[in-house]
Each structure stands twice: as structure tokens, then as C-alpha cells.
Amino acid sequence: MMRKLIYLIIHLLQLGLVYGIYVVNDLYANHLGFMRNTSFFSEEFAQSWLGRYLVVLPIVMLLLSIFLVWRERTKERYLLLIIAAIWLSWLYSASLQLVPIYYLVVAIIFVILLLQLLLIGLVGRKNRG
Amino acid sequence: MDKKNKRILAVITSILAAFILMVGLNTNQVQAKASTTSQRLVKNNKPGENDFFVSAKWVQNQLKTNKKTVVIEASYGPGKEYKKAHLPGAVHMDTMEIETEANNWNILPAATCEKAFLKKGVTKDTPVIIYSSDINAASRVAFVAYWLGVDQVKILDGGFNAWQSAKYTTAKGNVKPKAAKDFKGNVPGRPDILISTSADLLAAQKKNPDLVLASTRSWAEFTGKTSGYSYIKDKGEPKGAVYAKASKTSADVAYLTNSDGTVKDPTKIFADWKKWGITPDKEVAFYCGTGWRAATAFFITKQSGWKNVKMFDGGWYDWDKAHQKHPSQYPVQVGDPRDKSKVKILD
């Protein structure tokens, strides 16, 4: 029962974050202050150390997901693999020049991924316990 | 359920509750109290030739009597609010059509702006009425039209709220403008009113050393307590700037407007400006962060009969960038310039 509830809550949070992409896109398109701030901080981030080496992180996450699936094949682990693959493809297929909210989407998918990892961690702990 | 699980459940439930609260929270719009005529700059329904701010009643009459009139709703973006409701026949203008980040948020070249207005069907002799829910957005777009040389530029006093309060009809959806081909005049028709960049400001100051550089930024911005914008790191003002009380924050001109958004009778504010040497007999260049608030001050002073007012469009955003590259050429003051012990000059 408890496990099901955790599953539900975390997946709802993830869905909320997917909706969050629509929200930030709308904010960017219609709110001047948000657009100017996003534009400024995206440029700043792109030029930062983390921004330049950001492409490494999704590769690491994808490898981690593959490893986790290889260890144990569950729906949640497959979902993690799918999210990691989406994250990686977004990072390579889109860019700040094409999508002004590029880094915001990167951040949102990253949080979704972390939640999925948390879920796998919690489930794993439960199974071991 | 063991203790550990209970703790996890409590944390997750709290996060979820906070999330739902954030999404579902609706801020209650406080109904603005209508200002009386005596508190307003716009006193009657018959504006003079040099009046820019006009009443909703005048706009209603103008739309009936002059079918050539073009009404523009000015706001950032594709016009989400505009599509929900707008003045009958009004077309939307995205502020990004006249300014971009790549241009330091300065007004784009005259030829680009001319095209933007031609697309809306505006030529030199087209009567133009501009309105917005944000007076600064309306003033910004109106300033560009005026700078280009449009003969008759008016701004709806109180914006869309004033129109709705008067219970005039509104329309929904998008109005496709009937584009014009020829502006019927050289652009910019009024080049003197715009000081575009910081380099242009230096040139203007060289030409007239008595030019008053008036900051319409908030006191906190003026004295260097805040930059006013998260996308501007540095705090301060161009050296020599004086304080034109106009804003409480970087996003308003609260001292120039009534609570219903109409323009205040500026008598009191002009008395305040006088203490800083901002008077109608001088050449005055208003500026702010990126030229929105300054545009409102520009039109209020023009309507009040000030002859030699301009706008330094670059504002603090442009000056700060210039200062970073050439500090001694573009010095910065931080603090209250009236007291030498309280002001720091960065050069």
C-alpha cells in the first residue's frame, strides 16, 4: 500500500514537472521580465563551466540507467532509461539558439530523472528491507 | 507502516501539498479606485494638438469619426491578453518588433521600426492610438511612432482598464492589420528626441554641457542600492544624473500614475523635480533601465509643454555595459549625488 502511494505521488510530481515545461514556455512567451531574465541567465549558464560540460552529465545518466536495467529489469528502471534517453536526445537535438527555454527544459527533465532515481532507490531499499 | 516509511510519506505529502498550493494559488486582483478628474493630467475630452494622453471617451469618438485611425495594443509577446479582449479593430504590436536583446534592448533602427508600423497600416499621416495594460509599454511603442514621425500619436489614458470601466464594447480574437506600403516621409521624422546609446549621450552632453540627465528609476536604483534588474549586475547611475521621482520599483511609474492607471496631474511631481534642476526651460534627457519608464515621463512632460525633452534610450543597461569596457569614459556614481561624502564615483 505504502509503496503504491509513493509510486503514485512521485509519478504525479513528474507529470506536474512535464506540465511545468508548458508553463515556463508560456511565461517566456508572454511575460517580459521572465523572458529577459531567462535570456540573460541562459547566456550566463552557457558560458559557465557547467554549461560547457553539461553534455557529459546525460551520458553518465544514460550509462547509469543502462547499468540499473542490466542489474534488474523492472518497469521503473525501464522508465528511467527512457527519461535518460529523452534527456540526452533533447540536449543534442535542441539548442539555446533554437529554443530560448532550452536550459529550463534541461533542468526540468533532470529533476524528473532524479525523482525516478529516488523512486528506484526507495523501492530497492524496500525490497532489501 | 514502520517509522521510516511514515517519515518518507510525510516529506512527500508536504512537497506535494506545497506544489498544489503554488499551482492553485490565485492572487486576488485588488480593484483600483477610480481617480477624480482633478487628480489627472487628462482633464477633458478635447485634447490639444500637443496632448498625447487621451480619455476613453475621446478614443470612442475618434473611432466613430475618423475611420483612418489605427488602434494598437502594445505588449510583449504574441498578444495572449489582447486576443481575449481588445478595443474594436485594434491590432496587436509585440514590443519585440521594436527592440531586441541583441540591440541592448534599445530601439531598433528606424527602417526596421518603419516596417513594423507599416505592417500595422501606419503611415506618417495615420492617426494612431496606442494602449496597453502597462502604461510604459504603450509609451514605449508610442515613442517609436512619434520618433518615426507619425503626425498624430495618442495614448489611451488608463489603458484597457479605462476602456472597460467606461463600458465601451470590446472585441475578441486577432485582427489582421491592413498593411501600408509607403510611410510618406523620411524616418526618423523626429530624430532629435532620441539619444540612443551611451556614446550618443556623451556627444549630446558635449554639444550642450547643461543637458540635464534625469533618471526616472526608483530611489533604491538611483542611489545604487539595487540594479533594479536581475539581468543587470551592477548598481549605480551615469555620473551627473539627477533624480526624477517617478518609480517605486523597476517595473512601474507609480509616482506618475493614479491607482487606476491614469496619469497623475504632474504639478506636485514637477515641483519635486525642480529641486533636482529638472525644469521645462532646460534640455532634459530622461532615462531608466531600458527605456520604458522614461518614455512615459517623456510624454507627460511633452504634454505639459516642455519643449526640449529627449529620451536616453540606452539607459542604465547600456551605460553599465559601456562603463565595463571604458570606465573612465563612462563614469558611474553610486549614492546620493547631493552629498559628496555619500557618493562614490567609479571611473
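The values are calculated or read from the model by the stated rules, or taken from the named source; none is laboratory data. Model, not experiment: these values are computed from the prediction. Neighbour counts run over all protein chains shown; Cβ positions are idealised from the backbone, glycine included.
Number of residues in region B:218-257 that are under 22 Å from residue B:202 (Cβ atoms) and away from chain A (no Cβ under 14 Å): the value is 13. Which of the residues that make up region A:84-115 are assigned to a helix (DSSP H, G or I), closer than 30 Å to residue B:101 by Cβ and among the aliphatic types (A, V, I, L, M)? Within region A:84-115, A:86, A:88, A:91, A:104, A:105, A:106, A:107, A:108, A:109, A:111, A:112 qualify. Can you find, within region B:300-320, the residue that is nearest to residue B:267 (Cα to Cα) among those that are more than 15 Å from the chain's Cα centre (by Cα) and not in a helix (DSSP H, G or I)? Ranking the qualifying residues of region B:300-320, first place goes to B:304. Name every residue in region B:321-344 that is under 23 Å from residue B:203 (Cα atoms), outside any strand (DSSP E or B) and not hydrophobic (A, V, I, L, M, F, W, C), in order of residue number. Those that are under 23 Å from residue B:203 (Cα atoms), outside any strand (DSSP E or B) and not hydrophobic (A, V, I, L, M, F, W, C): B:321, B:323, B:324, B:325, B:326, B:327, B:328, B:329, B:330, B:331, B:337. For residue B:295, the stated conditions do not hold, so it cannot be described as farther than 24 Å from residue B:47 by Cα and either at pLDDT below 95 or not in a loop (DSSP other than H, G, I, E, B) (or both). Residue selection: residue A:21 fails the criterion of being assigned to a helix (DSSP H, G or I), of a type in the set (A, V, I, L, M, F, W, C) and more than 27 Å from residue B:105 (Cα to Cα).
Residue B:221 meets the conditions (1) modelled with pLDDT of 95 or more; (2) within 18 Å of residue B:291 (Cβ to Cβ); (3) in a loop (DSSP other than H, G, I, E, B) in every case but one. The failed one is (3). Scanning region A:23-78 for residues that are of a type in the set (S, T, N, Q), touching a helix residue (DSSP H, G or I) at 6+ places or on another chain (Cβ under 6 Å) and more than 11 Å from chain B (Cβ to nearest Cβ) gives a single hit, A:65.
Residues of region B:182-204 include at least one that is more than 14 Å from every other protein chain (Cβ to nearest Cβ), without any contact (Cβ under 8 Å) to a residue 24 or more places away in the chain, under 30 Å from residue B:272 (Cβ atoms) and surrounded by fewer than 18 Cβ atoms within 10 Å (Cβ to Cβ). Going through (1) modelled with pLDDT of 95 or more; (2) surrounded by fewer than 19 Cβ atoms within 10 Å (Cβ to Cβ); (3) touching a helix residue (DSSP H, G or I) at 6+ places or on another chain (Cβ under 8 Å) one by one, residue B:87 falls short only on (2).
For residues in region B:209-234 being of a type in the set (Lys, Arg) and in contact with a Phe, Trp or Tyr (Cβ under 9 Å, 6 or more places away or on another chain), which is surrounded by the most Cβ atoms within 10 Å (Cβ to Cβ)?
B:217
Residues considered: A:54, A:118, A:81. Of these, the only one that is within 15 Å of the chain's Cα centre (by Cα), more than 22 Å from residue B:102 (Cβ to Cβ) and outside any helix (DSSP H, G or I) is A:54. Residues in region A:41-56 that are touching an Asp or Glu at 6+ places or on another chain (Cβ under 9 Å) and at pLDDT 95 or above: 0 in all. For the residues A:111, A:106, the requirement of being among the aliphatic types (A, V, I, L, M), exposed (fewer than 15 other Cβ atoms within 10 Å of the Cβ) and either touching a helix residue (DSSP H, G or I) at 6+ places or on another chain (Cβ under 6 Å) or touching a residue at least 40 places away in the same chain (Cβ under 8 Å) (or both) singles out A:111. Of the residues making up region B:302-319, those that are of a type outside the set (Lys, Arg) and either touching a Ser or Thr at 6+ places or on another chain (Cβ under 8 Å) or within 22 Å of residue B:207 (Cα to Cα) (or both) are B:306, B:308, B:309, B:311, B:312, B:313, B:314, B:315, B:316, B:317, B:318, B:319.
Among the residues of region B:130-164, just one is of a type in the set (Val, Ile, Thr) and over 21 Å from residue B:293 (Cβ atoms), namely B:150.
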